[in-house]
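Q: Below: one structure in C-alpha cells.
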Amino acid sequence: MADKSKEGKEFPSMVWDVERGKIRELVRAIGDFDPLWVDKEVAKKEGYKDCPAPPTFYTVPMMWCGSMPQVITELKINFAMILHGEEEYEYYQEIYPGDLIAGTPKVTRIEEKTSKSGRKMDMVTVEINYTNQRGEKVAKARSTLVERK
Amino acid sequence: MAKQIYFEDINIGDAMPALVKGPVQKLQHVMYAGASGDFNPLHTDDDFAKAVGMDGVIAHGMLIMGFVGQAITNWIPKKCLKKLGIRFAGMTKPGNTITVSGKVIDKKPGLIICEVTAMDEKGDVKITGQFEAALPSKG
C-alpha cells in the first residue's frame, strides 16, 4: 500500500525535449489525423508558432522521463494493482517542437477509500508543474492513481 | 481542425459535435504504449492481465482521454482550451467503439464550461469530465 509518510514530498524536476516525432507518434496512436499536429504550415495559418502539442501530450514526459514510475517506486505502490483514477490539465500556453520543458512532481494527497463493493484502495494524487526554457509556466498536470488492495 | 468560434455564438446547453472512435484494437494499445511510454503490461499482455484478475488486456485510460482531447480540438481551437479534467469511470476493452459527447453547462465572461463523456457501444461510461475554453469576442 502507498506510503502515507510521503504525502507532500516533492521529487527532483525532470527535463523533456518536445519533439515533432513524438507528437506525431502520440496522435497516430490516438488516431487523430488533424494536420495541425504534424504540419507546421497548417499550424502557422491557424495562428500557432509551430505545431502545438495536443491536449494529452503531458502524459509523454510523465511516463518517458520516469517521473511517475519513480513516484510509484518511492511510494511502495504495487505497480500491478494500479488503475488511473483521474487526470486534469491546466494550460497556460502552448508548447512546441524544440521547447525544453521541466516538470516538478509533488505528491499532494494520499488517502484510503472504500469502493462501493467494499474493497479498500489508496488514492494517490501527484501534481506536476511544467515550465518552458524561458522559465514561463506552461501547464499543470494532476494525476490520481488508484492502488487496489 | 476546429474553426474559430466566438463566445457570443455559444449558448448553455449547446452540444459539442460527437466523435465516434474505434473499434479500439490491441495494436493500438501497443502503439499507445510506445508513444506515451506507459509500458504497464496490463495493456499489452493478456497473460499478465489475467494474472491480475482481468479477462484480458484493457486500453490505457489516457488513450481514451486522447479521444476526448480529439473531440474537443475538432470543435474548439487548441489554443482556446484552458482546462481539461476527467475521471476514469470504466475500463475499455479491445473491440469497444467509443463515442465522445459533450455540452456547454455554463458561461462566464469569455469562458465556456462544458461537460464531456466517453461511452462504449453498450452505453457503459468510460470517462466523465469537464473542460473550459476561453473564446474570443466578436467585438
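Q: Working only within the stretch B:21-47, note down all residues that are in a helix (DSSP H, G or I), aliphatic (A, V, I, L, M) and within 14 Å of B:Ile58 (Cβ to Cβ). Even if it seems obvious, please write down each step before you answer.
A: Step one: of the stretch B:21-47, the residues in a helix (DSSP H, G or I) are B:26-36, B:41-43, B:46-47.
The next check asks that each one be aliphatic (A, V, I, L, M); those that pass are B:27, B:30-31, B:33, B:35, B:42.
Hits for the stretch B:21-47 are B:Val30, B:Ala33, B:Leu42.
Q: Might you let me know whether the stretch A:109-124 holds any residue that is more than 25 Å from B:Lys79 (Cα to Cα), facing another protein chain (nearest Cβ under 9 Å) and touching a residue at least 60 places away in the same chain (Cβ under 8 Å)? Steps first, please.
A: Taking the stretch A:109-124 as the starting set, the residues that turn out to be more than 25 Å from B:Lys79 (Cα to Cα) are A:109-124.
Filter once more, keeping what is facing another protein chain (nearest Cβ under 9 Å): none.
Looking through the stretch A:109-124, none of the residues is more than 25 Å from B:Lys79 (Cα to Cα), facing another protein chain (nearest Cβ under 9 Å) and touching a residue at least 60 places away in the same chain (Cβ under 8 Å).
Q: Could you grab me the full set of residues in the stretch B:33-79 that are farther than 30 Å from B:Leu135 by Cα, in contact with a His (Cβ under 7 Å, 6 or more places away or on another chain) and not polar (S, T, N, Q)?
A: B:Ala33, B:Asp38, B:His43, B:Val57, B:Ile58, B:Ala59, B:His60 - these are the residues of the stretch B:33-79 that are farther than 30 Å from B:Leu135 by Cα, in contact with a His (Cβ under 7 Å, 6 or more places away or on another chain) and not polar (S, T, N, Q).
Q: OK, next. Could you grab me the full set of residues in the stretch A:46-82 that are modelled with pLDDT under 85 and over 19 Å from the mean Cα position of the chain (by Cα)?
A: Passing the criteria: A:Asn78, A:Ala80, A:Met81.
Q: Would you check which residues across the stretch A:125-149 are among the hydroxyl-bearing types (Ser, Thr, Tyr) and within 14 Å of another protein chain (Cβ to nearest Cβ) and list them? Walk me through it before giving the result.
A: Narrowing the stretch A:125-149 to residues among the hydroxyl-bearing types (Ser, Thr, Tyr): A:125, A:130-131, A:143-144.
Within the stretch A:125-149, A:Thr125, A:Ser143, A:Thr144 qualify.
Q: Also, I was wondering about something else. Of all residues being more than 26 Å from B:Lys26 (Cα to Cα) and facing chain B (nearest Cβ under 9 Å) in the stretch A:19-63, which is surrounded by the most Cβ atoms within 10 Å (Cβ to Cβ)? Just the residue, please. If you could, list the steps in order and put the result at the bottom.
A: In the first step, residues of the stretch A:19-63 are kept if they are more than 26 Å from B:Lys26 (Cα to Cα); the result is A:36, A:39-52.
Subsequent filtering for residues that are facing chain B (nearest Cβ under 9 Å) retains A:36, A:42, A:46-48, A:52.
Numbers: A:Leu36: 21, A:Val42: 15, A:Glu46: 18, A:Gly47: 9, A:Tyr48: 17, A:Pro52: 25.
Only one residue fits best here, namely A:Pro52.
Q: Okay, moving on. Just to confirm my filter: which strands (runs of 3 or more DSSP E) fall fully inside the stretch B:53-128 and include at least 1 residues that are among the aromatic types (Phe, Trp, Tyr)?
A: On the way: elements: B:81-88, B:98-108, B:111-119.
Result: B:81-88.
Q: Looking at this structure, is A:Ala43 in a helix (DSSP H, G or I), over 18 Å from the mean Cα position of the chain (by Cα) and aliphatic (A, V, I, L, M)? Spell out how you get there, then give the answer.
A: On the way: in a helix (DSSP H, G or I): yes; over 18 Å from the mean Cα position of the chain (by Cα): yes; aliphatic (A, V, I, L, M): yes.
Considered against the rule, which asks whether it is in a helix (DSSP H, G or I), over 18 Å from the mean Cα position of the chain (by Cα) and aliphatic (A, V, I, L, M), A:Ala43 comes out as yes.
Q: Do we find that A:Ala80 is touching a strand residue (DSSP E or B) at 6+ places or on another chain (Cβ under 8 Å) and among the small types (Gly, Ala, Ser) in this structure?
A: Numbers: touching a strand residue (DSSP E or B) at 6+ places or on another chain (Cβ under 8 Å): no; among the small types (Gly, Ala, Ser): yes.
No.
Q: Filter the stretch B:35-56 down to the residues that are surrounded by 14 or more Cβ atoms within 10 Å (Cβ to Cβ), of a type outside the set (A, V, I, L, M, F, W, C) and free of Cβ contacts under 8 Å to residues at least 24 places away in the same chain, then identify the one that is farthest from the other protein chains (Cβ to nearest Cβ).
A: Only one residue fits best here, namely B:Asp46.
The values are calculated or read from the model by the stated rules, or taken from the named source; none is laboratory data. Because the structure is a prediction, the values reported are computed rather than measured. All Cβ positions, even for glycine, are placed from backbone atoms using ideal geometry, and neighbour counts span all protein chains on display.
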